[in-house]
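Scroll down for the structure; my scribbles are underneath it.
Taken together, the values in this text are just the output of simple stated rules run on the coordinates, not laboratory data. Keep in mind that what you see is a predicted model, and the values were worked out from it rather than measured. Cβ coordinates were reconstructed from backbone atoms using ideal geometry, including for glycine residues, and neighbour counts include every protein chain displayed.
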Amino acid sequence: MAEIAEPKNAELTATGTENVRELIDRKLSVRVSPNSYLIAGFLATFFAGLCLYIEYDLFAAALLLFGWIVIPFILWGDRIVFDGKRLVRTGIVPRVWARINNSECALELDAVEQVETQALRALKRGGSVFYRYRTSFVGANQRLIIASGGESYRRMIRSVLPKLSESLLDNRSIELRDYISEPKEALMKAEFAKIPSTEVLEVSINDFETLRKTKRKKPEFGDEEMEKADYLRTLANELRLSGNLLQALEVFRRALFLNPKDAWLLFEFARCLHSFAGAEKNARLEKRAMAGLRLVEKRAGDDSRLLARLGESYFQYGDWKRATKVFRRTLAKAETSFRSVRGMAEISLREGKIAHVIHHFSNANRVAEIPALRRWSESERQYFSRLNDDDEYLDMEVSRVNLLESLDRAKVTSLRIAILSLPAIIAGVVADLTLLSNVGWAVSGTAIVIWTGIVISRNLLSERVQIDAKE
């Protein structure tokens, strides 16, 4: 394993390398998101095929060697390691780049300013969804991204997120922190709790659509029922995060039968139902989920933490009007709710009210409980203040954002052209039609080159223009 950069520009040492090796051996590490490496491998393979077609066999062999051996080897060694105080990226490419631009490969936990998790539906089967999670740690002009794919990701989440302030985490990151578990273990718990399988529960979807209620005598809620309801709540969230949505909904329903007035339980049930509605593309279930969130508003009482997360959920689902109402209610009860002030700033930004954005970020800086949040909110305040006061800087940023949107559209178009040209290449080679193959390679190759240029340009333009760039 190559050497790892120590924080605060300290020199690399063999001891640091040995520590990283020990951490990897203890599996306190996870491979980085492989997207960039997959793109590089695809490009190498494509141009290897082109070189082979024009009989540049040596170049083709070199590109294939690079795409199928070198890149996977580099990817295998590119990991993010957690040593208890910082996240360290160990890959060859990021270390070389860090040396070139005099930056760091390590992110101290005290420097983390935002943690965001995306859930991508990779595969759907019945009432179960296979989720891929991508968690980003942002701070100190760095962004480290880890992707799910095994126990190493779960270990990393369980080790890192509890050490961070909850104000740094978005809703999904909080849920992962509290409930992430091994999927097989969650299914085993469901089996012990006598929860029907997904195939059996598929017939119960209509119950959620029609609001049909089964007449059952509710138990008297005592300590035993409370303990069982808490257990079912935990199990339901574990099933939900592992993608077993139908079983999670059934467990939530049983927990709500035992404790129907628990606002947190209802909140998590509504988010699970919304996830299931999105997977099924069921508008009626989505409306039911939003109705559940509105019911949470009534039952939340003075729980400012629940109200802040409820507002974030509304914002995430696109109901900005309801999110604004909830955030304002939260601030009326707890003026120091950083999440609510930040939410108000994001809503004001969506509405184009820059002066309000500046005001809310100023308040966020005032109520932030840790230095990292104060640094982040202050940098946001300075950025939007510059936009508000400097018309030339505003024009530069608007042009940059518009260009990014144009590049996104062009990237999709060029990739589609490249893919649609592949059948022409294959048909020309199979049928020995040289002209057809030449046209296919020319069109596809040009589109791939344009797509590559767009990807590089977009990465360069994704960063904001520095505030002091003109000073």
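What to note about this one:
- Principal-axis tilt of helix 223-241 within the chain, Cα atoms, nearest 10 degrees: 20 degrees
- Computed about the Cα centre, the dipole magnitude for the chain is approximately 1800 debye when only Lys and Arg (+1) and Asp and Glu (-1) carry charge, each at its Cβ.
- Stokes-Einstein diffusion coefficient of segment 316-471, Kirkwood radius over Cα pairs, 4 °C, 1.567 mPa s, in µm²/s: 67 µm²/s
- Helix 151-160 and the long axis of the chain differ in direction by around 70°, with both axes built from C-alpha atoms.
- Karplus (6.51, -1.76, 1.60) ³J(HN,Hα), θ = phi - 60°, over segment 432-445, in Hz, Gly and Pro reported as x: 6, 9, 4, 4, 4, 5, 4, 4, x, 5, 5, 5, 5, x
- Pairs of lysine residues in segment 116-207 - Cα separation under 24 Å, sequence separation of 8 or more or cross-chain: 4
- Other-chain or far-sequence residues with amide H under 5 Å of ARG86's (modelled H): LEU109
- Cα Rg, Dmax, segment 94-188, angstrom units: 15.3, 50
- Residue by residue, segment 308-318 carries 3J(HN,Hα) couplings of 5, 5, 5, x, 4, 5, 4, 4, 4, 8, x Hz when phi is fed to the Karplus relation 6.51 cos²θ - 1.76 cosθ + 1.60 (θ = phi - 60°); x denotes Gly or Pro.
- Dimensions of segment 392-461 from C-alpha coordinates, computed as largest minus smallest value along each principal axis and given longest first, are 57, 15, 14 Å.
- Stokes-Einstein diffusion coefficient of segment 294-335, Kirkwood radius over Cα pairs, 25 °C, 0.890 mPa s, in µm²/s: 250 µm²/s
- Folded to 0 to 90 degrees: helix 338-350 orientation relative to the chain principal axis, Cα: 60 degrees
- Projected area, mean over directions - the chain, Cα convex hull, nm²: 28.1 nm²
- Residues listed by number, segment 253-270, amide nitrogen under 20 Å from MET226 label point at 7 Å toward C-beta: 254-268
- In this structure, the amide hydrogen of GLY91, modeled 1.01 Å from its nitrogen in the peptide plane, lies closer than 5 angstrom to those of ARG79, counting only residues at least 5 positions away or on a different chain.
- Stretching the chain fully between VAL430 and ASP389 yields a gain of 8.5 nm (0.36 nm per residue, less the alpha carbon separation).
- Flagged links, alpha-carbon separation over 20 Å, of LYS333/LYS353; LYS281/LYS321; LYS321/LYS353: LYS333/LYS353; LYS281/LYS321
- Translational diffusion of segment 215-335 was estimated from the Stokes-Einstein equation, with Rh taken as the Kirkwood radius over Cα pairs; at 10 °C and 1.306 mPa s the coefficient is 107 µm²/s.
- In Hz, Karplus ³J(HN,Hα) per residue of segment 280-290 (6.51, -1.76, 1.60; θ = phi - 60°; x = Gly, Pro): 8, 6, 10, 5, 5, 5, 5, 5, 5, 5, 5
- Using just its DSSP H runs of length 4 or more, each adding -39500 (n - 2.57), the chain gives a mean residue ellipticity at 222 nm of -21000 deg cm²/dmol after division by all residues.
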